[in-house]
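The values are calculated or read from the model by the stated rules, or taken from the named source; none is laboratory data. The shown structure was predicted, so the numbers you read here are calculated from the model rather than taken from an experiment. All Cβ positions, glycine included, derive from the backbone under ideal geometry; neighbour counts span all protein chains shown.
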Amino acid sequence: MSSVIPSSRDWMYKRLTQNRALIPEFIVGVMGFVEYASGRDEYRRNNNTMRCPCEKCKCKKLWKSSEEVAIDLMEYGFMPDYYVWRCHGEGDVSISTMTLRISEV
């Protein structure tokens, strides 16, 4: 079952141009995501690693450094329907708050 993607997070699923180049808004969004996720206590408690929400790992494989997560997201994109970053401490209520932080990057 597919969820509706809030317009504030539609950048997550607009990764490549027709020429298969990364879209700048996607890169900025990934950097904002990695900054958010690596700022959490869970990241520090797990030797500065986090779950990778890319299409390949789907938050289920080995924990990775923030750099590795950014690279995976650039290469594979986000797993489907991950517009609420639940595996990274976010709940449904905080979407508008996080959107503001990312749009300021």
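Pairs please, first residue from region 54-74 and in a loop (DSSP other than H, G, I, E, B) and of a type outside the set (F, W, Y), second anywhere and surrounded by fewer than 16 Cβ atoms within 10 Å (Cβ to Cβ) and modelled with pLDDT of 95 or more, Cβ atoms under 6 Å, 6+ apart in sequence or on different chains.
Pairs found: none.
Go through the residues of region 69-90 one by one and say whether even a single one is modelled with pLDDT under 90, surrounded by fewer than 16 Cβ atoms within 10 Å (Cβ to Cβ), touching a helix residue (DSSP H, G or I) at 6+ places or on another chain (Cβ under 8 Å) and of a type in the set (S, T, Y).
no
Let me spell it out: the conditions are (1) modelled with pLDDT of 90 or more; (2) farther than 17 Å from S8 by Cα; (3) surrounded by 14 or more Cβ atoms within 10 Å (Cβ to Cβ), and N46 meets all of them except one. Which number is the exception?
(3)
Test V93 against the criterion of being modelled with pLDDT under 95, assigned to a helix (DSSP H, G or I), surrounded by fewer than 13 Cβ atoms within 10 Å (Cβ to Cβ) and out of contact with any Asp or Glu (no Cβ under 8 Å at 6 or more places or on another chain), and give yes or no.
Criteria met by V93.
Consider only pairs whose beta carbons are under 8 Å apart and that are at least six residues apart or on different chains; among these, list those whose first residue lies in region 17-35 and is free of Cβ contacts under 8 Å to residues at least 40 places away in the same chain and whose second residue is hydroxyl-bearing (S, T, Y).
I23/T17; V34/S66
Any residue in region 10-24 that is of a type in the set (D, E) and modelled with pLDDT under 90? Steps first, please.
Within region 10-24, the first condition is being of a type in the set (D, E), and the residues that meet it are 10.
Adding the requirement that they be modelled with pLDDT under 90 leaves 10.
Yes, because at least one residue in region 10-24 is of a type in the set (D, E) and modelled with pLDDT under 90.
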